[in-house]
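Just so it is clear, none of the values below were taken in a lab; they were calculated from the coordinates. Every value quoted in this text rests on a predicted model; they were computed, and no experiment measured them. Reconstructed Cβ throughout: ideal geometry from the backbone, glycine too, with neighbour counts over all protein chains shown.
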Amino acid sequence: MNYAAIKKNDIANGPGVRVSLFVSGCRHHCRSCFNREAWDFAYGRPFTQETADEILEALAPSYVAGLSFLGGEPLEPENQAPLLSLARQFRERCPGKTLWCYTGFTFETDLMSGSVGNPNTLRELLSLIDVLVDGKFVEELKDAGLIFRGSSNQNIIDVPKSLKAGHMVLLEGVWRRTMGSGDIEEI
């Protein structure tokens, strides 16, 4: 797996200050994608254990709320095993911090069916994720007032509750940026 970028003080891709890993490789090719260069699986740098160590080190400060996986597409089959390894290390070294993942795949249709990559790898990876933002970015459904997602078709999913229930359970407390003031309100 290659990665496009690591952002160590990200406040846009989940609540609080986060460390965000942008992986390379995506077959969705959403129109108006903000990260087209990361569609190429060869883009960026190789992801190594040294890269994982750098990310885990950046997660150490108490003010960092957690880790976010973005892309490219984190759940492409080629990216699942390396991210599973990182997620396991994250869970061991960062108790109490959250793991968010952004994917163009849909939770119920693509991921719960096990049709994306190795079903066992995917199942374990999902079991380590707290929140999944699913669905392709759809330009016609873009809404600048949304927070933590780009278009209104995307869901913010409570993964542990969803896995227990066997169907998608949305995260309680979905937020929207109040236009004009920049404040955040719950909707």
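For the reader, a short list of remarks on this structure follows.
- Shape class for the stretch 52-157, computed from the alpha carbon gyration tensor (a ≥ b ≥ c): oblate, with a/c not under 1.5 and a/b at or below b/c.
- In terms of surrounding Cβ atoms within a 10 Å radius of their Cβ, ILE11, ILE157, ILE6, ILE55 rank from fewest to most as ILE11, ILE6, ILE55, ILE157.
- Rounded is the label for the chain, because a/c, from the alpha-carbon gyration tensor with a ≥ b ≥ c as root eigenvalues, stays below 1.5.
- The string of couplings for the stretch 87-104 from the Karplus curve (6.51, -1.76, 1.60, θ = phi - 60°) is 4, 4, 5, 4, 4, 5, 9, 10, x, x, 9, 9, 10, 10, 9, 9, 9, x Hz, one whole number per residue in order, with x for Gly and Pro.
- Residues whose placed amide H lies under 5 Å from that of ILE147, excluding near-sequence neighbours: TRP175, ARG177
- DSSP beta bridges fully contained in the stretch 2-186 are about 55 percent antiparallel.
- Counted by Cβ distance under 14 Å from GLY166, the other residues give a net charge of +1, where Lys and Arg count +1 and Asp and Glu count -1.
- Scanning residues 5 or more positions from ALA5 or on other chains, those with amide H under 5 Å from its amide H are PHE22, with H placed 1.01 Å from N in the peptide plane.
- The alpha-carbon of LYS142 sits under 28 angstrom from the alpha-carbons of these lysines, leaving out residues fewer than 8 places away in its chain: LYS7, LYS8, LYS161.
- Relative contact order of the chain: 17 percent, from C-alpha pairs under 8 Å at least 6 residues apart in sequence.
- Full-stretch length increase - ILE11, ARG36 - with 0.36 nm per residue and alpha-carbon distance subtracted: 6.9 nm
- Fewest-first ranking of SER127, SER62, SER24, using other Cβ atoms within 10 Å as the exposure measure: SER62, SER127, SER24
- Label reach from GLU54 (point 7 Å along Cα→C-beta): in the stretch 9-33, amide nitrogens under 17 Å belong to 9-10, 19-25.
- Shown here for the stretch 3-85: chymotrypsin sites (Phe, Trp or Tyr not before Pro) in loop regions (DSSP other than H, G, I, E, B) with at most 15 other Cβ atoms within 10 Å, namely PHE34, TYR63.
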